[in-house]
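To start, the structure under review is shown below, and the notes come after it.
The values are calculated or read from the model by the stated rules, or taken from the named source; none is laboratory data. These figures come from a predicted structure and were not determined experimentally. Cβ placement follows ideal geometry from the backbone for every residue including glycine, while neighbour counts extend to all protein chains displayed. Heavy atoms of the whole protein, side chains included, go into the accessibility calculation; ligands, DNA and RNA do not. Shrake-Rupley method; radii C 1.70, N 1.55, O 1.52, S 1.80 Å.
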Amino acid sequence: MNLLQETKYIMDKYDVHPNKRLGQNFLFDENALNQIAENVTKEDTIIEIGPGLGTLTAILAEKAKKVIAIELDPKMYNIIKERFIAYNNIEIINEDVLKVDISKVNLKQLISQEKTTSNINNVKVVANLPYYITTSIITNLLKTDIQDITILIQKEVAQRICAMPGDKEAGAITYFVNYYADAHIIGNVSKESFIPNPEVESSIVNIQKLDKPRVQVKDEKLFFEIIKTNFTKRRKTILNSLSTIANKNELEQILTKLGISLNERGENLSLEQYAEIANALSR
Ligand code: SAM
């Protein structure tokens with residue numbers, strides 16, 4: 001049985017009607033699945049988000065030491081519980097990934113529970129994400145200690161995430177990701193590789209978290225607020241868009257001192273320039 005037949009068989013067996021609202025598009029393209037799992041070694045504990053019918057989970061369980069799969073839909077959870085009953089290296093959690101605290105503390109606990117030589121470098125996220133929450137998941141993951149994240153996401157979002165600050169595809173998320181990590185696209189996946197076909201093309205992205213953020217920032221909250229404000233008011237000059245969060249005269253002085261034109265648009269600024277503005281304003 002190939003993966004398409006296997007997916008259809010499981011869907012028939014359990015009477016699965018994919019839930020569009022939960023982003024249920026099941027991947028059956030063997031090349032794409034292998035590419036997503038390429039980085040996984042026997043030392044690794046993999047956190048998989050949205051295992052669905054378990055197609056990627058099965059590949060990960062063969063390659064990794066352990067797989068922790070977090071699935072929101074109780075129906076999917078029950079299917080994979082039954083499917084993987086004989087596996088002793090798969091743990092399935094029936095939860096909303098946005099409510100699971102994949103925080104530092106939990107990871108340290110996780111690693112110490114493993115009682116092996118593994119360390120934080122061996123905890124990786126590998127997933128075909130539910131697309132409706134892609135940016136929230138990436139934002140949360142970059143705040144953890146996990147360094148290696150490989151995800152299948154919408155092509156357009158992948159391009160934005162992997163763009164460089166100042167590129168035409170860049171958005172606020174570009175700066176956020178670039179602050180914490182290096183990101184690059186490792187492959188594209190067509191709509192026809194899923195049941196049902198999604199409305200958009202997809203890309204596989206690898207994100208490698210840096211040991212420390214790329215620029216030094218005194219007040220991260222302010223730094224990200226400045227970037228976000230600029231990108232919600234893209235058409236305005238940096239001076240006008242930031243005047244909602246800072247005094248205009250002070251801003252004029254800061255921008256002049258930093259050699260940034262008062263007519264410059266925020267989308268043309270570098271990460272370093274945003275850091276300089278935020279650091280000057282947080283004094
Ligand atoms: N991994 C499977 C595959 O590659 O075929 C399914 C991927 S499908 C694109 C996304 C999966 O994420 C679905 O199984 C869906 O039920 C699950 N999901 C949706 N929202 C979720 C959430 N908030 N937390 C955890 N899982 C979620």
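If each residue of separation counts as 0.36 nm, what is the full-extension length gain between Asn240 and Glu62 once their alpha-carbon separation is subtracted?
58.6 nm
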Helix axis angle, 74-83 relative to the chain longest principal axis, alpha carbon, degrees:
50
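Note the full-extension length gain between Asp211 and Asn78 as 0.36 nm times their separation in residues minus their Cα-Cα distance, in nm to one decimal.
Contour length minus the Cα-Cα distance gives 44.1 nm.
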Measure off, as a whole percent, the carbon and sulfur share of the 1.4 Å-probe accessible area of region 197-274, all protein chains present.
44
For the chain, take the longest principal axis of its alpha carbons; what is the angle in degrees between that and the long axis of helix 104-114, to the nearest 10 within 0 to 90?
30
Roughly how many debye, to the nearest 20, is the charge dipole of the chain about its Cα centre, given +1 on each Lys and Arg Cβ, -1 on each Asp and Glu Cβ, and no other charges?
740
Using a 1.4 Å probe on the protein chains only, how many percent of the accessible area of region 1-93 belongs to carbon and sulfur?
49
Given the candidates Tyr14, Phe194, Thr232, the one whose Cα lies deepest towards the positive end of the charge dipole of the chain, counting +1 at each Lys or Arg C-beta and -1 at each Asp or Glu C-beta, is Thr232
Relative to the longest principal axis of the chain, what angle (0 to 90°, nearest 10) does the C-alpha long axis of helix 271-281 take?
60
Ordering of 39-47, 149-157, 78-86 by burial proxy (mean other Cβ atoms within 10 Å per residue, highest first)
149-157, 39-47, 78-86
Under 14 Å from Lys236, Cα to Cα: aspartates and glutamates that are on another chain or at least 8 residues apart:
Glu264, Glu267
What number, rounded to the nearest 500 deg cm²/dmol, is the helix-based mean residue ellipticity at 222 nm of the chain, given -39500 (n - 2.57) per DSSP H run of at least four residues and division by all its residues?
-11500 deg cm²/dmol
At 0.36 nm per residue, and after removing the present C-alpha to C-alpha distance, how many nm does the segment from Leu4 to Thr139 gain when stretched out fully?
45.4 nm
Which of Lys42/Lys212; Lys66/Lys143; Lys81/Lys221; Lys13/Lys124; Lys81/Lys212; Lys99/Lys248 exceed 29 Å between C-alpha atoms? The answer is Lys81/Lys221; Lys13/Lys124; Lys81/Lys212; Lys99/Lys248
Relative contact order (%) - criterion: Cα under 8 Å, at least six apart; region: region 118-157:
60
